[in-house]
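Read the structure below first, then the notes.
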Amino acid sequence: MRRAMLLLSVTLAVPSLAMSRYADAADPTATSAIKSHLPLRAPAEFAAIADPRDRAIALFEEAGKVIQSPRCINCHPASDTPTQTDAMRTHRPQVQRGVAGMGAPGMPCQTCHHDTNFDPAHVPGHAGWHLAPRSMAWAGRSLGEICVQIKDPARNGGRDLTTLVRHMSEDELVGWAWSPGADRTPAPGTQQQFGELLKAWVQFGATCPPVSSEKGVPRG
Ligand code: HEC
Ligand code: HEC
């Protein structure tokens, strides 16, 4: 409501700017609401762990701060509907994945999600915005379970470890999670730091955390 009021006053003051791409700059709430990145530890900080298996697990657990962040989980739900916001609540409206995750024919994701974030309307965006397939559902799974699953070419889109790590460190849709717009909390660290942790994880044997050791992010 406060955002709406301020946006309204900006609209009245500078009508030519309010709906343009400069609207963010004119809206004082847009910058004040930006949340800072939580830090990620660097691979070198795990050097004291002598056992390579333990070291790989610790590295993956650090990378898990990104993997289990709302920015990734919201698009990797356990159902046919995405979740949204930092609270990972059911997407409103309750859209369906449809064919290939692009949404139902009458309401594809692109109806609302465009090529870039549109902060005045609080809608995130990126070219190719669509839902991760059912086999890549992460919501409600422990980090150990997600780890086993993303290593499995039968469920991860036929990727080996190299292409899996490349996808996470370079894919631009994954990269959206670090510039999510509006007041969403960005994924921790940077995509590059995330990639470095995963490369080190592979280098030390890509061992997964034990499946029973911790709980999954509950919702979705
Ligand atoms: C009718 C408009 C509309 C359609 C269609 C739509 N979305 Fe959304 N979506 C939104 C809005 C608005 C938000 C922002 C909600 C908020 O943060 O308050 C959102 C947020 C999201 C988020 C949350 C991002 C985050 O991390 O907070 C995801 C994920 C998402 N949508 C996926 C999809 C997918 C996938 C589709 C197609 C299957 C889709 N949406 C279709 C309007 C829509
Ligand atoms: C807008 C939705 C969306 C967001 C946000 C998103 N993903 Fe995905 N993700 C997808 C889709 C769609 C696929 C399937 C496409 C493919 O396989 O190339 C996918 C596939 C993947 C895969 C392939 C392997 C597997 O088993 O899942 C990985 C790894 C992955 N995403 C990581 C991430 C990470 C890490 C984040 C957050 C930093 C993230 N994704 C955020 C939609 C999303």
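A Cβ distance below 8 Å, combined with a sequence gap of six or more or placement on separate chains, defines the contacts here; from region 103-118, residues that are at pLDDT below 95 reach residues that are part of a loop (DSSP other than H, G, I, E, B) and loosely packed, with under 13 Cβ neighbours inside 10 Å in the pairs Met107/Pro93. With the requirement that a residue be of a type outside the set (A, V, I, L, M) and either more than 10 Å from ligand 1 (Cβ to nearest atom) or in a helix (DSSP H, G or I) (or both), what does region 95-116 give you? Of everything in region 95-116, those that are of a type outside the set (A, V, I, L, M) and either more than 10 Å from ligand 1 (Cβ to nearest atom) or in a helix (DSSP H, G or I) (or both) turn out to be Gly101, Pro105, Cys109, Gln110, Thr111, His114, Asp115, Thr116.
Among the residues of region 162-188, those identified as crowded, with 16+ Cβ neighbours inside 10 Å, more than 8 Å from ligand 2 (Cβ to nearest atom) and farther than 23 Å from Val123 by Cα are Val165, Ser169. Of all residues in region 61-87, those being away from ligand 2 (no atom under 12 Å from the Cβ) and closer than 22 Å to Val148 by Cβ number 4. Tell me whether region 130-151 contains one or more residues that are within 17 Å of the chain's Cα centre (by Cα), on the phi > 0 side of the Ramachandran plot, assigned to a loop (DSSP other than H, G, I, E, B) and not aliphatic (A, V, I, L, M). Yes: one or more hits. Of all the criteria given as (1) modelled with pLDDT of 95 or more; (2) of a type in the set (Ser, Thr, Tyr); (3) outside any helix (DSSP H, G or I), the one not satisfied by Ser213 is (1). The number of residues in region 133-192 that are within 16 Å of ligand 1 (Cβ to nearest atom) and of a type in the set (Val, Ile, Thr) comes to 2.
Of all positions in region 64-80, at least one carries a residue that is more than 16 Å from ligand 1 (Cβ to nearest atom) and either surrounded by 14 or more Cβ atoms within 10 Å (Cβ to Cβ) or at pLDDT 95 or above (or both).
Selection of first residues in region 163-176 that are of a type in the set (Asp, Glu) and of second residues that are not in a helix (DSSP H, G or I), restricted to Cβ pairs under 8 Å at least 6 apart or on distinct chains, gives the following pairs, ordered by first then second residue: Glu172/His126; Glu172/Ala127.
The values are calculated or read from the model by the stated rules, or taken from the named source; none is laboratory data. Computed from a prediction, not measured in an experiment: that's the story for all the values here. Every residue, glycine as well, gets a Cβ built from its backbone with ideal geometry; the counts of neighbours run over all protein chains shown.
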